[in-house]
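Scroll down for the structure; my scribbles are underneath it.
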Amino acid sequence: QAVGSLLFLSNKTRPDITYAVNFASRYLDKPSQNCVNLVKRIIKYIKGSVQSGILYTKRVEPQLDAVCDADYANDKNTRRSTSGFIIFFNGGPITWSSRKQEIVTLSTTEAEYVAAAHCVRELVYLKMFIQELVGKSVKATLFVDNQGALKLIDSGAVNNRTKHIDVRYRFILEKVKEHNITLKYCPTAEQLADILTKP
């Protein structure tokens, strides 16, 4: 019940607890004392940060900014990576995600590429939704902290090192070529989505 309540909170207003809550929810079928302690720690953290909130600023030109990140093979049992992203509208987060990837990736670049593809799907949806609401297109920029993933997206090259990557993740290439999404490099030290990929 506690994890269910925390999931609701993390999905609606608290991106800062998303990774921890998702991690705790992986062990709901057989919770150990460590899991119980983790849930208690999250609740104590929330109690100490009740005054924190999300701030939106008014802008002349509304825009979407997204940050995405991935750890590499951090799950010790499955060796799957965790993807995380946050999408901001006018400076405040409006959606975020932290989840294990569906596939085992073979490199950090590949894990970041898959994370970027997850983020772009949501970014394209939000861009269309906002356009429907306000009647005009908004700019969308995705910040990635992995140079290899940026080069892979820019080139779109299918070669011996990338031909195994599932077609569904190549969706990002199409959106960049259509100029629907702008890609930019973000230094790792400034990567806000990092909190969604590791403790």
Where Glu132, Glu110 fall by accessible area, highest first, once all protein chains stay in place (1.4 Å): Glu132, Glu110
Long-range amide H contacts for Ile94: which residues qualify at under 5 Å (H placed 1.01 Å from N, peptide plane, sequence gap of 5 or more or a different chain)? Ile87, Phe88, Phe89
Give me the number: length gained by fully extending Ser137 to Ser25, i.e. 0.36 nm times residue separation minus the C-alpha to C-alpha distance, one decimal in nm. 36.6 nm
Can you tell me what share of the DSSP beta bridges in the chain is antiparallel? A percent to the nearest 5 is fine. 60
Max mean-square fluctuation residue, GNM over the chain, Cα-Cα springs under 10 Å, options Tyr169, Tyr19, Tyr45: Tyr45
Using amide H atoms built 1.01 Å from N in the peptide plane, name the residues 5+ places from Gln63, or on other chains, whose amide H lies under 5 Å from its own. Asn90
Can you list which of the DSSP-assigned H helices in the chain have a Cα extent of 18 Å or more along the long axis and an average Kyte-Doolittle score of at least -1.0? 33-48, 108-134
Could you calculate the contour length gain from Gln147 to Val104, that is, 0.36 nm times the residue separation minus the distance between their Cα atoms, to one decimal place in nm? 13.4 nm
For the chain, built as a Gaussian network whose Cα springs stay under 10 Å, the top-fluctuating residue of Ala116, Ala24, Ala70: Ala24
For Asn11 and Asp154, calculate 0.36 nm times their separation in residues minus their Cα-Cα distance, and state this gained length in nm to one decimal. 48.3 nm
Restricting to lysines 8 or more places apart or on different chains, can you count the pairs in the range 1-94 with Cα atoms under 22 Å from each other? 6
If R0 is 41 Å, what FRET efficiency do you get for Thr182 and Arg41 from their C-beta distance, rounded to 0.05? 0.60
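The values are calculated or read from the model by the stated rules, or taken from the named source; none is laboratory data. This structure is a prediction, so every number in the text was calculated from the model and none was measured. Virtual Cβ from ideal backbone geometry, glycine too; neighbours counted across all protein chains shown. Please note that ligands, DNA and RNA were not included when accessible areas were found on the heavy atoms of the full protein model with its side chains. Shrake-Rupley method; radii C 1.70, N 1.55, O 1.52, S 1.80 Å.
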